[in-house]
1. Quick one: angle between helix 221-241 and the longest Cα principal axis of the chain, in degrees between 0 and 90, rounded to 10, please.
2. For an R0 of 56 angstrom, estimate the FRET efficiency from the Cβ-Cβ distance between Glu564 and Ile233 and round to the nearest 0.05.
3. Top to bottom by accessible area (1.4 Å), largest first, where do Arg461, Arg504 land?
4. At a Förster distance of 30 Å, what's the computed FRET efficiency of Thr113 paired with Asn179, Cβ-Cβ distance as r, to 0.05?
5. Any idea of the accessible area per residue across segment 426-584, 1.4 Å probe, to the nearest Å²?
6. Taking R0 as 41 Å, what's the FRET efficiency between Phe484 and Asn58 from their Cβ-Cβ distance, rounded to 0.05?
7. Roughly how many Å is it from the Cα centre of segment 308-366 to that of segment 205-246, as a whole number?
8. Take every Cα-Cα distance within segment 268-359, group them into 10 Å bins from 0 onward, and report for each bin the whole-number percent of pairs it holds.
Amino acid sequence: MQDHSQAFLLRDGFLLLGTALAFVLLFRRLGLGATLGYLLAGAVLGPFILNLVGDPENKLGIAELGITFLLFIVGLELAPRRLWRLRNEIFGLGLLQVALCGLAISAVIYFCTGFSVAASLALGLPLGLSSTAQVLPLLQSQGRLHTPFGERSFAILLFQDLSIIPLITITAAMNRNPNLPAGTPGWELALITLAAIAGLIAAGRFVIRPLFRLIGNLGEREMFVFAALFTVIASAALMQALGLSTALGAFVAGVMLADTPYRHELEADVEPFRTLLLGLFFMSVGMMLDLSAIAERPLFVATMALALIAVKSGVIFLIALAFRMNWRSALALGLLLSQGGEFGFVLFAQAKDAWLIDPSAASLFSAIITLSMVTTPFLMMATARIREMPTSKETREGPRLDGASTLVVGYGRFGQTVAQVLIAAEIAVTLIDTDIEMIDVASGFGAKVWFGDGTRIDLLRQAGAGEAQMLVFCIDGDQLTESFLLGVHEAFPNARIMARVFDRRTMIRLMDAPVTFMVREVMESAVLMAREALEDLGLSGEQIDNAESMYRASDKERLSIQYETGDIRAARDRIITQDLRDAH
């Protein structure tokens with residue numbers, strides 16, 4: 001029996017990953033985005049087309065962890081002071097969007113379908129929510145998450161996540177099922193939420209941060225992955241046990257760790273799990289798409305999906321104008337958030353259990369949510385020229401990036417000097433090191449150094465290398481290789497690469513690497529000391545310059561011959577010795 005179950009698990013994994021790979025590559029190639037590829041891949045594999053993979057509900061439950069991981073990563077990028085700065089957008093813009101969109105869609109359902117007021121609210125209020133799992137990756141891929149537009153979008157999505165509690169309370173208050181136990185009162189849920197958030201904040205400060213410090217001192221990379229997954233899963237499990245939003249718990253945990261030196265390492269470790277689980281989530285949504293319900297009433301589903309998109313786009317557009325956004329950004333915001341969201345599936349199930357809607361209505365409106373998700377990439381493509389005109393204020397301002405124009409890897413004695421000179425020239429710098437004690441010392445002097453292995457390309461990407469103008473490797477020892485530097489250049493072709501190398505052997509080995517500048521770690525200080533010695537011995541400035549020029553020319557010639565021959569012992573006759581000097 002166990003072998004049989006394992007065979008089915010392997011077969012499902014093979015089909016899911018293979019189909020997702022094919023569809024996502026195709027849709028990426030067509031410029032339609034990965035989300036649409038995942039949705040259609042799930043629909044093809046699901047019970048209503050090929051029926052090759054079963055139990056989509058169970059897979060959806062696992063895949064919802066993808067949203068949890070996504071919110072954790074977003075939380076890592078929002079330090080508490082930055083979140084406080086967004087409070088007006090979260091509780092102003094977000095509150096108006098959820099309330100007005102939910103009520104407007106409920107009114108449309110009530111007048112167009114003949115459903116009762118309770119049923120219309122049970123369907124319309126959840127439809128006022130948008131898809132965090134679709135919108136945030138879209139903003140990240142476009143590099144707009146940290147722009148004013150991206151921050152407003154995120155503020156709305158965050159409030160939508162907070163609004164799950166009052167929406168559950170409203171559904172419970174309208175309950176018609178006498179066999180369904182009474183839910184927790186709204187005020188009690190609010191108090192539980194505040195207590196849970198306070199608990200997560202305390203745990204982050206007094207448990208999680210010391211844990212990561214201990215792991216950093218041990219230097220065990222795999223333990224960092226374990227600790228990162230533990231943090232996300234534990235915060236989500238706590239919220240789930242209290243009947244709250246798991247994604248909200250992960251987000252709070254991320255915010256609490258956003259100001260720690262471990263942010264970029266955590267992002268790099270969690271990102272692969274987030275990507276995989278979000279892809280599985282959208283495939284599960286596609287598998288659950290009830291094509292038979294659509295086939296029975298195709299006009300109704302299509303009309304309601306269009307009505308949903310039109311109403312939400314219009315309402316959000318007007319709200320954004322009221323918040324003094326220009327009309328292009330307001331239109332983009334409305335279209336970006338026009339789809340139904342994943343929490344609609346959860347709230348529809350609760351409404352069905354409360355006898356507010358029947359199962360057929362839940363299936364129909366779940367299909368409407370899925371169809372609205374499908375339209376988002378097309379809407380954004382179709383309106384791109386309208387939305388992205390250069391007259392947009394946000395375009396003129398440019399994105400506000402947390403990343404720096406220069407990334408300095410290694411904050412030892414060498415890296416400190418490089419970084420301080422760059423900062424003195426008003427160059428924005430991001431610093432990365434793996435020495436916990438050095439990071440603590442640097443923070444005592446006001447320097448912000450992030451923990452992370454700078455020889456990992458995924459970590460460099462999380463630290464902002466994709467937007468950096470220059471990458472400066474100041475790490476100790478002989479750690480750099482030609483293959484690594486080639487990989488860095490391929491991953492970040494717009495960044496110039498500079499490197500500190502251990503000795504001339506390393507420099508010769510790296511001469512074919514795509515590096516704009518290399519320096520041996522002790523050469524320049526040795527030359528400077530030699531110049532000072534010559535000056536103290538009474539030589540003139542011209543004599544000192546001639547001596548330095550002679551040495552540098554000889555050294556350069558030796559390096560060239562050694563590189564060509566591959567022999568470190570070559571060109572020994574070019575070494576400046578007393579005998580050679582006497583011969584001249």
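1. 20 degrees
2. The value I calculate is 0.50.
3. Most to least solvent-accessible, the answer reads Arg461, Arg504.
4. The calculated FRET efficiency here is 0.65.
5. 59 Å²
6. For Phe484 and Asn58, the calculated efficiency is 0.50.
7. 33 Å
8. Reading the bins upward from 0: 14, 28, 33, 23, 2.
The values are calculated or read from the model by the stated rules, or taken from the named source; none is laboratory data. In this text the structure is predicted, and so the values were computed from the model without any measurement. Note that each Cβ is placed from the backbone with ideal geometry, even for glycine, and that neighbours are counted across all protein chains shown. The area values use the complete protein model at the heavy-atom level, side chains included, leaving out ligands, DNA and RNA. Shrake-Rupley method; radii C 1.70, N 1.55, O 1.52, S 1.80 Å.
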